[in-house]
Protein chains: 2
Amino acid sequence: MRRIPPSLIFCISLLSAVAHGASVTSAPVPFEWKGADFLGYLAVPAEAAEARPAILIVHDWMGPRSYFEEMARKIAERGYNAYVADVYGTETRPGNAQEAAQAAGKLRGGDRSELRARAGKNLEILQAQDGVDPSKVIAIGFCFGGTAVLEMARDGLDLAGVVSFHGNLESPRPATREGSVKPVVLVLHGDSDPYVPEGEVQDFQDEMRKVRADWEMVKFGGAVHSFTDPAADSPGARYDASAARRSWAIFWDFCEEIFGR
Amino acid sequence: MRRIPPSLIFCISLLSAVAHGASVTSAPVPFEWKGADFLGYLAVPAEAAEARPAILIVHDWMGPRSYFEEMARKIAERGYNAYVADVYGTETRPGNAQEAAQAAGKLRGGDRSELRARAGKNLEILQAQDGVDPSKVIAIGFCFGGTAVLEMARDGLDLAGVVSFHGNLESPRPATREGSVKPVVLVLHGDSDPYVPEGEVQDFQDEMRKVRADWEMVKFGGAVHSFTDPAADSPGARYDASAARRSWAIFWDFCEEIFGR
């Protein structure tokens, strides 16, 4: 048997690592805006040779944290760039539900101009990163973040798709003009979510119908708020392994459809 | 080099054909019931060594035909048995929409005992076929067939799952008892379907909630009736390539979840 040169052995090891989807690099993305500091987080598939599609993740009311960073790395393992947005700013890192309600409430209140602006700024930051194809971004969000990405869709931002995981669906400024919602909209909804009443679901559907969006809503029977979050454990906000698994499967298919890969 | 015996070469060829998913055998399944003749159709993956899960397909109002037989073969290429049910009987093969409305109307009317019985008989026939694991059957149906498989779920039949593609959701005998709907229920619904009014969707959801079924509903914005059928081309019943593709993707994931393969 011929000897294999060490350089070839190195190449084979590298290919093997890539094949297992483990090769992801990540880095914090600090930026300043209107005098405040923000801290995003970018995970990138290491094998990327050309500009790639990206997923922008908007955190729930507890803010950016390791849970979403891990999610970003898992998404990068699939071959997409993934960015955890920071719509709070580094001064705001809630330590409990009360602080979280206050932080999210500030941005959800009023006409949501500030929420839209901050989400849009995070999108710009992501689009400017090396290796990101700025025309191929899907924004996804969880609970509060779901609300945020729907606001991004209503705001006419340049997104290919938005996905709300158990987010609130109502808005003080719903879309009204036909064609104004450009991204494909996917809503993953727990049918028994006590924080998203049936009337809100109806109003949202009417809004999407009126503007003739390309939209899809999935209702998971029996699931409540936060159903994808393994840490959620209250009667109204609880992890549901089945709804979580189905949601992610539908999400991956959504990415493949939109990005063609 | 040692000679490869001819029998092994034959085995290798067979395995190769199987790897391409092309190896499907199919056969008509005639049966008699209550003095009438019925004609089902079974497609089987040729590589099947042990008993396999099966998909039972209930036809739309136009009855069993080559369109559903081709669907069965495609499902068998995925490794599942697939059976096109005949709930009409061979005497009833509609040639146009008027005849189809009459044939389907007969079974949809009244208390649907006859529809339930015929669907159940087809399930028995499928479960008795060689190579079918009788405990692993998902029933799927299209339009009229969607209505039929929901009736099968309400009837307490031994199914692992039911999937309605753009079916009507109402029933003269809705399920009322908690736990009485055993299969996992998936409803794939065109949000603009003029033949399935919003009130019917609401009533169905209420029914599933009441009996605490494991259910999921997907609404495709803008899609109307018959959205998976490439031949459907009227304002209220039209093919929608996007909703069709998404439906099938969700369906394959549903099969993998339930069958674990």
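Based only on the alpha carbon positions, what is the Kirkwood hydrodynamic radius of the protein assembly as shown, in angstrom? Walk me through the numbers before you get to the answer.
On the way: mean 1/r = 0.0397 Å⁻¹.
Computed over the protein assembly as shown, the radius equals 25.2 Å.
What is the fewest-to-most order of B:His166, A:His225 by other Cβ atoms lying within 10 Å of their Cβ?
Numbers: B:His166 31, A:His225 23.
In order of increasing Cβ crowding within 10 Å: A:His225, B:His166.
Taking every residue in A:248-256, how many Cβ atoms of other protein chains lie within 10 Å of its Cβ, on average? Please list the in-between numbers first.
Values: counts 1, 7, 6, 0, 2, 7, 2, 0, 1.
Rounded to a whole number, the mean comes out at 3.
In square nanometres and to one decimal, what's the mean projected area of the convex hull around the Cα atoms of the range A:137-179? Show your work: numbers first, answer last.
Working: hull surface 11.4 nm².
The directionally averaged projection comes out at 2.9 nm².
With a 10 Å radius around each residue's Cβ, average the other Cβ atoms per peptide and rank B:182-191, A:27-36, highest first. Don't skip to the end; give the middle numbers.
Numbers: B:182-191: 23.8, A:27-36: 12.2.
Per-residue Cβ counts within 10 Å, averaged per peptide and sorted highest first, yield B:182-191, A:27-36.
Using Cα centres only, tell me the gap between the range B:69-144 and the range B:191-261 in whole Å.
Rounded to whole Å, the Cα centres lie 18 Å apart.
Which distances, in nm and shortest first, link the B:Phe31 label point to the same label point in every other copy, taking 7 Å along Cα→Cβ?
Relative to the other copies, B:Phe31 has label-point distances of 6.3 nm.
How shielded is B:211-220 by partner chains, expressed as the average number of their Cβ atoms within 10 Å of its Cβ atoms?
Numbers: counts 0, 2, 2, 4, 5, 11, 7, 5, 8, 4.
Across the residues of B:211-220, the mean count of other-chain Cβ atoms within 10 Å is 5.
For the range A:150-261, what proportion of DSSP beta bridges, expressed in % and rounded to the nearest 5, is antiparallel? Please report the intermediate quantities before stating the final value.
On the way: 2 of 14 bridges.
DSSP beta bridges in the range A:150-261 are roughly 15 percent antiparallel.
How would you rank B:Ser164, B:Ser180, A:Ser247, B:Ser234, going from fewest to most other Cβ atoms within 10 Å of each one's own Cβ?
Working: B:Ser164 28, B:Ser180 15, A:Ser247 23, B:Ser234 10.
So the ranking, lowest neighbour count to highest, is B:Ser234, B:Ser180, A:Ser247, B:Ser164.
Report the trypsin sites (Lys or Arg not before Pro) located in the range B:109-160 that are in a DSSP loop and have at most 11 other Cβ atoms inside 10 Å of their Cβ, or state none. Working shown, then result.
Working: sites: B:Arg112, B:Arg116, B:Arg118, B:Lys121, B:Lys136, B:Arg154; in loops: B:Arg112.
Sites meeting the loop and neighbour criteria: none at all.
Assume the label is 7 Å from Cα along Cα to beta carbon: what separations in nm does A:Trp248 have to the matching positions in the other copies?
Listed shortest first, these distances are 2.6 nm.
Report, in listed order, any pair from A:Lys106/A:Lys219; A:Lys136/A:Lys182; A:Lys182/B:Lys219; B:Lys182/B:Lys210 with a Cα-Cα distance greater than 24 Å. Don't skip to the end; give the middle numbers.
Numbers: A:Lys106/A:Lys219 29 Å; A:Lys136/A:Lys182 13 Å; A:Lys182/B:Lys219 19 Å; B:Lys182/B:Lys210 13 Å.
Where the Cα-Cα span goes over 24 Å, the pairs concerned are A:Lys106/A:Lys219.
How many percent of Cα pairs in the range A:130-261 exceed 21 Å? Intermediate values should be presented prior to the final figure.
Details: 3254 of 8646 pairs.
The answer is 38 percent, as a whole percent.
Can you quote the Å³ per residue value for the convex hull of the Cα atoms in the range B:6-259, rounded to an integer?
Per residue, the Cα convex hull of the range B:6-259 comes to 128 Å³.
As a test of the formula, what do you get for chain A when each DSSP H run with n ≥ 4 contributes -39,500 (n - 2.57) and the sum is divided by the residue count, at 222 nm and rounded to the nearest 500 deg cm²/dmol?
Numbers: 7 runs with 96 residues, N = 261.
Per the formula, -12000 deg cm²/dmol.
Pick out, in residue order, every one of the GluC sites (Glu not before Pro) in the range A:64-100 that is DSSP loop and has at most 11 other C-beta atoms within 10 Å; say none if there are none.
Values: sites: A:Glu69, A:Glu70, A:Glu77, A:Glu91, A:Glu99; in loops: A:Glu91.
Here the GluC sites (Glu not before Pro) that fit, given the DSSP loop and packing criteria, are A:Glu91.
So how do A:Trp248, A:Trp61 line up by other beta-carbon neighbours within 10 Å, fewest first?
On the way: A:Trp248 15, A:Trp61 21.
Exposure proxy ranking, most exposed first: A:Trp248, A:Trp61.
Placing the label point 7 Å from Cα along the Cα-to-Cβ direction, what are the distances from B:Ala128 to the equivalent spots in the other copies, shortest first, in nm to one decimal?
Those label-point separations list as 7.3 nm.
If a paramagnetic tag sat 7 Å from the Cα of A:Asp233 along the Cα-Cβ line, which residues of the range A:72-109 would have the backbone N under 19 Å from that point?
Of the residues in the range A:72-109, A:95-98 have backbone N under 19 Å from the label point off A:Asp233.
Work from the charge dipole of the range B:205-261 (Cβ charges, +1 for Lys and Arg, -1 for Asp and Glu, about the Cα centre) and give the residue of B:Phe227, B:Val211, B:Ala241 farthest towards its positive end.
It is B:Val211, whose Cα lies furthest towards the positive end.
Where the only charges are on Cβ atoms (+1 Lys, Arg; -1 Asp, Glu), what is the dipole of the range A:6-259 about its Cα centre, to the nearest 20 debye? Numbers along the way, then the final one.
Details: 25 positive and 36 negative charges, 25 e Å.
That gives a dipole near 120 debye.
Taking the rotation axis that maps chain A onto chain B, which residue of A brings its Cβ closest to that axis, and at what distance in whole Å?
With distances in whole Å, chain A gives A:Val218, 2.
Readers should treat all values here as calculations from the given coordinates under stated rules, not as data from a laboratory. What you see is a predicted model, and the numbers here were worked out from it, not measured in a lab. Methodologically, a virtual Cβ is constructed for each residue, glycine included, from the backbone with ideal geometry; neighbour enumeration extends over all protein chains shown.
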